[in-house]
1. Given that compact globular proteins tend to follow 2.2 N^0.38 Å, what is the ratio of the alpha-carbon Rg of the chain to that value?
2. Remind me, relative contact order of the range 74-187 in percent, using alpha carbon pairs under 8 angstrom and six or more residues apart?
3. Using 7 Å Cα-to-Cβ label points, what is the Phe200/Lys129 separation (nm, one decimal)?
4. Determine how many Å³ per residue the convex hull of the Cα atoms of the range 1-118 encloses.
5. Order Met174, Met1, Met163, most accessible first, counting only protein heavy atoms with a 1.4 angstrom probe.
6. Considering only Gly165, Val197, Ile177, whose Cα is most displaced toward the positive end of the charge dipole of the range 76-204, charges sitting on Cβ of Lys, Arg (+1) and Asp, Glu (-1)?
7. Multiply the residue gap between Lys76 and Phe158 by 0.36 nm, knock off their C-alpha separation, and tell me the result in nm, one decimal place.
8. What are the ³J(HN,Hα) values, in whole Hz, obtained from phi via the Karplus relation 6.51 cos²θ - 1.76 cosθ + 1.60 with θ = phi - 60°, for each residue of the range 168-180 in sequence order, with x given for Gly and Pro?
Amino acid sequence: MDPLFVTALRLSLQVALVASLILLLLGIPLAWTLAFRRFPGKAILEAIFLLPLVLPPTVLGFYVLLFLGPEGPWHKVTGLSWAFRFEGLVFASVLFSLPFALTAYREAFLALDRNLLEVARTLGAPKPKVWAKVVLPLVWPGLLSGTLLAFAHTLGEFGVVLMVGGSIPGKTQMVSIYIYDLVQALRFEEASKAALVLLFLSLAFLVAARTLEAKGRAWKSIT
């Protein structure tokens, strides 16, 4: 196998893993708030979070590049420039995959039987115990499914990471960009092999996500 392909695939998996963990930590409280809280401007806030679904990836990547670049707000506040770095790839991936994770998490919470939460509170259970004994056992398949979808989405992203990280072999060249560079060089046979690997990985993650959703529905019907 081409060492550059192995490096690009490893980088893509690392970015997807870190971004998915960040989405899990940030997305759960955010999805809970959007599912059960009412406040002024909620519809506008939801639209902002879902904007990457309809915004061209290159446009999102362009604005992220301006934000993270040496002349951007992030550098002025922190003194750090994350453009064309691993951190920038993760930052852009979190923004780009947020709608996928957030939607799955929110739907998992909305499927909860609110009566169970009310009974637990009536019995005097503290919030941490309600989460540990009631909420998480019922929603974990949906949370894990949403995380897997975000992981698969990040693994195959192209426009955002190309704008933010460029195509620096061994540093910011993710596997989708590696395939694009092969096609640009008319190396179609190598591009086909690399694309096949990405196809099987993406399919495996999607099957796992759907299986978890089915198990979640079966578990809720039993409980």
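The values are calculated or read from the model by the stated rules, or taken from the named source; none is laboratory data. Quantities reported herein were computed from a predicted structural model and do not represent experimental measurements. Positions of Cβ are generated from backbone atoms using ideal geometry, with glycine treated the same way; all protein chains shown enter the neighbour counts. Heavy atoms of the whole protein, side chains included, go into the accessibility calculation; ligands, DNA and RNA do not. Shrake-Rupley method; radii C 1.70, N 1.55, O 1.52, S 1.80 Å.
1. Numbers: Rg = 19.8 Å, N = 223, 2.2 N^0.38 = 17.2 Å.
Rg over 2.2 N^0.38 Å, computed on Cα atoms: 1.15.
2. Working: 81 pairs, mean separation 42.7, N = 114.
Result for the range 74-187 is 37 percent.
3. Modelled inter-label distance: 5.0 nm.
4. Values: hull volume 17.9 nm³, N = 118.
It is 152 Å³ per residue.
5. Details: Met174 0, Met1 175, Met163 60 Å².
If we order Met174, Met1, Met163 from most to least accessible, we get Met1, Met163, Met174.
6. The residue sitting farthest along the positive end of the dipole is Gly165.
7. Answer, rounded to one decimal: 26.8 nm.
8. 9, x, x, 10, 10, 7, 7, 5, 5, 6, 4, 5, 4
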